[in-house]
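Below is one structure; the comments refer to it alone.
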Amino acid sequence: VDAEKSIDAFLANNAKTIPSHLRRLMRTINEFAPRSGTTSRAVTLHVLQTTKDTTAEVDGYTPGKFVIVGVPYSSVSKPKDDDTIMTCGCEKDVALMEFFWWKTWTIKSANPGLAGVTEAMKSDWLDGRHRAFFYQAYTGGTMLGIDDLYPQGSEVYGSPSYDLRIKATQAERFVAAANAGLKILGQPLWVREKEPVAGHSLDQHVGV
């Protein structure tokens, strides 16, 4: 309850910060306050902020000589507010996307005896190299960036209106990619005319 209230207060500008002990729990306990990863860019960046006023992915530090392992830049001590890079050298969008995944992804067991049982990522984190692969595959395959995944306006994450906007955004981008002759995950797309979807202006259908 305290965590939820602290997020609401931060969003309403009634509080300049979310208490550091709550931010630490949000960063380290998978199922604690999932809204910390699904609400907005500002909230998640603040959650990833340490008591030393640095923003870093949990495993994203790059000490010593820089090598290519998925983290594109060397760590910096005092980045500018408008930098796209965090103090650990991670790209902000990649770090925010992984935190979103970590707070939302679950899997189901293939064992029929465990039907209905789901499991979250718990304490599993992607290293920098794997994070880069996952990010490119996810954004390329879904046509969605991190800002698309945050609720907009009065939307609530996971609500019907949220899901509809996500699907409409994907459809429009897949059609645009098809018209541009691009390939999605290596598969060529084709477009044919179709009746408009009710409530939407889309008049094309995308298939693979």
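The values are calculated or read from the model by the stated rules, or taken from the named source; none is laboratory data. Note that the structure is a prediction, hence the values are computed from the model and not measured. Cβ sites come from the backbone with ideal geometry, for glycine too, and all protein chains shown count toward neighbours.
Name the single residue, out of those in segment 1-22 being surrounded by 14 or more Cβ atoms within 10 Å (Cβ to Cβ) and free of Cβ contacts under 8 Å to residues at least 12 places away in the same chain, that is farthest from the chain's Cα centre (by Cα). It would help to see each step written out before you state the result.
Taking segment 1-22 as the starting set, the residues that turn out to be surrounded by 14 or more Cβ atoms within 10 Å (Cβ to Cβ) are 3, 6-7, 9-11, 15, 18, 22.
So of that shortlist, the ones also free of Cβ contacts under 8 Å to residues at least 12 places away in the same chain come out as 9, 15.
Numbers: Ala9: 22, Ala15: 24 Å.
Among them, the one singled out is Ala15.
Being modelled with pLDDT under 90 and either assigned to a helix (DSSP H, G or I) or not aromatic (Phe, Trp, Tyr) (or both) holds for only one residue in Asp8, Asp82, and it is Asp82.
Looking across segment 146-165, the residues that are touching a residue at least 40 places away in the same chain (Cβ under 8 Å) and assigned to a helix (DSSP H, G or I) come down to Ile146, Asp147, Leu149.
Output the residues belonging to segment 28-54 that are in a helix (DSSP H, G or I) and either touching a Pro at 6+ places or on another chain (Cβ under 9 Å) or among the hydroxyl-bearing types (Ser, Thr, Tyr) (or both). Quick ask: steps written out before the conclusion?
First, pick out the residues of segment 28-54 that are in a helix (DSSP H, G or I): 28, 35-38, 41-47.
Result: Thr28, Ser36, Thr38, Thr44.
Restricting attention to segment 122-145 and to residues that are at pLDDT 90 or above and in a loop (DSSP other than H, G, I, E, B), the residue that is farthest from Leu25 (Cα to Cα) turns out to be Met143. Confirm whether Asp2 is at pLDDT below 95 and closer than 15 Å to Trp102 by Cα. In short, no.
Is it fair to say Ala110 is in contact with a helix residue (DSSP H, G or I) (Cβ under 6 Å, 6 or more places away or on another chain), modelled with pLDDT of 80 or more and assigned to a loop (DSSP other than H, G, I, E, B)?
Details: in contact with a helix residue (DSSP H, G or I) (Cβ under 6 Å, 6 or more places away or on another chain): no; modelled with pLDDT of 80 or more: yes; assigned to a loop (DSSP other than H, G, I, E, B): yes.
For Ala110, the condition - in contact with a helix residue (DSSP H, G or I) (Cβ under 6 Å, 6 or more places away or on another chain), modelled with pLDDT of 80 or more and assigned to a loop (DSSP other than H, G, I, E, B) - is not met.
Right, Thr62: at pLDDT below 65, farther than 30 Å from Thr118 by Cα and either in contact with a Cys (Cβ under 7 Å, 6 or more places away or on another chain) or of a type in the set (Lys, Arg) (or both) or not? Taking the combined requirement at face value, the residue satisfies it. Selection within segment 136-168: residues that are among the polar types (S, T, N, Q) and surrounded by 16 or more Cβ atoms within 10 Å (Cβ to Cβ). The member of this set that is farthest from the chain's Cα centre (by Cα) is Thr142. Candidates in segment 23-41 are the residues that are in contact with a helix residue (DSSP H, G or I) (Cβ under 8 Å, 6 or more places away or on another chain) and free of Cβ contacts under 8 Å to residues at least 24 places away in the same chain; of these, the one that is farthest from Gln152 (Cα to Cα) is Leu25.
Exactly one residue out of Leu25, Leu96 is more than 21 Å from Tyr138 (Cβ to Cβ), part of a helix (DSSP H, G or I) and either within 20 Å of the chain's Cα centre (by Cα) or at pLDDT below 75 (or both), and it is Leu25.
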